[in-house]
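The values are calculated or read from the model by the stated rules, or taken from the named source; none is laboratory data. Please read these numbers as outputs of a predicted model, since none were measured by experiment. Here the Cβ positions follow ideal geometry from the backbone for every residue, glycine too, while neighbour counts run over all protein chains shown. These accessible areas exclude ligands, DNA and RNA; they are computed on the full protein's heavy atoms, side chains included. Shrake-Rupley method; radii C 1.70, N 1.55, O 1.52, S 1.80 Å.
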Amino acid sequence: MDTEKVDLFLTCSSARLLSLEVAISMRGRAMEVLIHPFSFREALRHDNAEPTGDPATWPKALCSTLDNKLHDYLTVGGFPEAQGVPLRDRRELLRTYVDVAILRNVIERHNVSNPLPLRWLQCHLLTSPAALFNIQKFYATLRSQGVPVVKDTLHTFLGYLEDTFLIRIVAQHSALERKWMVNPHKAYPVDPGLILVYEQAGRANLGHALETVVLIELERQGCEVFYVYTVDGFEVDFLAHTPEGVQFLLQICTDLSNPATRERGVRGLIAASSEYPNATPLLITLDAIPPQPPLPAPLQWQSAVT
């Protein structure tokens, strides 16, 4: 780098170097780029099916095809080796990914002497994607089951799981930093394909999978992400701050054909819009064609396909 005009790329697994260690090892002379599993567009590109042109001009037939492919992506996920693999083999592959990450990136790396609560925590978070999570309640559950652990250890384990890129944690937005720490957090897997692996009922959970995809895409674009509880008690899935300072309120609704579901999603966005007037409110749905009737101002509708 000192003597030649070159661009130098170093790649490695998080099992070898965590984010902080990259900066330390390179003495501040490197910029970290996090490589996620395939996004939906990258999965289409991998399958030679990436659309071109303005989405507003796409014919209905193409939108319908992409809609079907998006449903498949929400189930299969974006890990390259999982693409096109039968369900049984895909489950084994993704479960192996998780087991290896826990063993190498957490247990061996940090010399964890009591892995049982770590495994309980891992399973709880992956079987409850997008659910509220509270360390105090989880600690009480472990104690009631006779699992020896202290709360500080659970906080440490939670950090390990996030450092190893198995889960992503979203805090509730608040003007007070202390409330970020004490309010329940929401945990998401790093890829929607992991949801079906740990889904106890054995069925695809498209709602939580779509939430996961939106969160990872926001992270991929460098956004700072929170969830919102309004003063009236309504929840909005995400409040995103882009690196340019633009704010978005995003509510995820997989199916707007149910009037009650539609009303619940719209009501939360309207309530949050009054508290965050500078944020653009978006209702994201799996519908490939804009639903009827139109959304009330200032809400905007956005298909997950586009």
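Here is how the numbers come out for the structure above:
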quantity: Protection proxy ranking, peptides 148-156, 260-268, average beta carbon neighbours within 10 Å, highest first; calculated: 260-268, 148-156
quantity: Accessible area of region 66-117 belonging to carbon and sulfur atoms, whole % at 1.4 Å probe; calculated: 50
quantity: Within the chain, helix-based [θ] at 222 nm, where runs of 4 or more DSSP H residues each add -39,500 (n - 2.57), nearest 500; calculated: -12500 deg cm²/dmol
quantity: Cα point-scatterer Debye curve for the chain, base-10 log of I(q)/I(0) at q = 0.08, 0.10, 0.16 Å⁻¹; calculated: -0.40, -0.63, -1.50
quantity: Cα→Cβ-extended label distance, 7 Å offset, between Leu87 and Val150, nm; calculated: 4.5
quantity: Residues of region 93-146: accessible area per residue with a 1.4 Å probe, Å²; calculated: 51
quantity: Nitroxide proxy distance, nm - points 7 Å out along Cα→Cβ at Asn134 and Ala260; calculated: 2.5
quantity: Formal net charge of residues neighbouring Lys137 (Cβ-Cβ distance under 12 Å; K, R +1; D, E -1); calculated: +2
quantity: Of all accessible heavy-atom area on region 181-290, the percent that carbon and sulfur account for (1.4 Å); calculated: 51
quantity: Highest to lowest packing among 234-240, 141-147, 48-54, scored as the average C-beta count within 10 Å; calculated: 234-240, 141-147, 48-54
